[in-house]
Amino acid sequence: MVKQQHITHAQELRLQAVHCKQHNQSWSASKIGKHIGCNRMFVSRWLTRHQQTGDINDKPRSGRPQIADAAAENYILMAAQLPECTSAADIAAKTQQALGLKLSGSTVTRLLKRKGLQHLTAKVVPMLTVKQKLARVKFAKAALRRERCSWRRVMITD
């Protein structure tokens with residue numbers, strides 16, 4: 001199976017600039033820029049680089065390469081939806097068990113954020129005391145005794 005590469009908007013513009021120059025040798029960088037909707041310097045830079053290297057891709061960038069590939073990202077997204085994964089560290093541990101890929105909790109959190117998700121923990125809410133429970137029962141019993149017409153003045157919301 002052939003792996004498809006995603007072409008960015010900038011790469012599409014670079015391809016258009018090179019294509020215009022190949023088919024219209026007499027066109028200047030300014031004319032090509034007006035034709036494809038970008039400035040003259042952009043066209044000039046990429047035509048020069050294409051002549052020198054025969055390539056229109058970005059140069060390799062500095063920095064550490066990403067650890068998680070597309071399959072690992074998909075697994076992490078799936079694991080984030082499981083009820084037993086309650087923290088980013090749990091997801092990282094599950095990913096290491098399944099894929100043998102050692103990730104930190106912060107890496108998982110960053111990946112989830114990049115995919116538009118937030119890994120949240122449940123808010124700790126104190127339990128009702130016996131006194132509060134009795135007060136609620138008392139209120140409910142008193143509400144049952146009220147006349148139906150008095151409920152017309154009550155607005156119930158979520």
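The values are calculated or read from the model by the stated rules, or taken from the named source; none is laboratory data. None of these values were measured; they are calculated from a predicted model. Quick reminder, even Gly has a Cβ in these numbers, built from the backbone with ideal geometry, and neighbours come from all protein chains shown. Surface areas here come from the heavy atoms of the whole protein model, side chains and all, with no ligands, DNA or RNA. Shrake-Rupley method; radii C 1.70, N 1.55, O 1.52, S 1.80 Å.
Some observations on this one:
- For the range 69-157, the set of trypsin sites (Lys or Arg not before Pro) satisfying both a DSSP loop assignment and a count of at most 14 other C-beta atoms within 10 Å is given as Lys102, Lys115, Lys123, Arg146.
- For the chain, the carbon plus sulfur part of the accessible surface works out to 55%, probe radius 1.4 Å.
- Dipole moment magnitude, nearest 20 debye, the chain about Cα centre, only Lys, Arg, Asp, Glu C-beta charged: 1100
- Too-long pairs where the Cα-Cα distance tops 27 Å, listed order kept, from Lys59/Lys115; Lys21/Lys59; Lys34/Lys115; Lys59/Lys94: Lys34/Lys115; Lys59/Lys94
- Per residue, in Å², the accessible surface of the chain once ligands and nucleic acids are set aside, probe 1.4 Å: 84
- The range 39-66-the range 88-135 distance, computed between alpha-carbon centres (Å): 41
- Protection proxy ranking of 22-33, 40-51 - average other beta-carbon atoms within 10 Å, highest first: 40-51, 22-33
- Candidate lysines for bridging to Lys131, where Cα separation is under 25 Å - those fewer than 8 sequence places away on the same chain excluded: Lys123, Lys141
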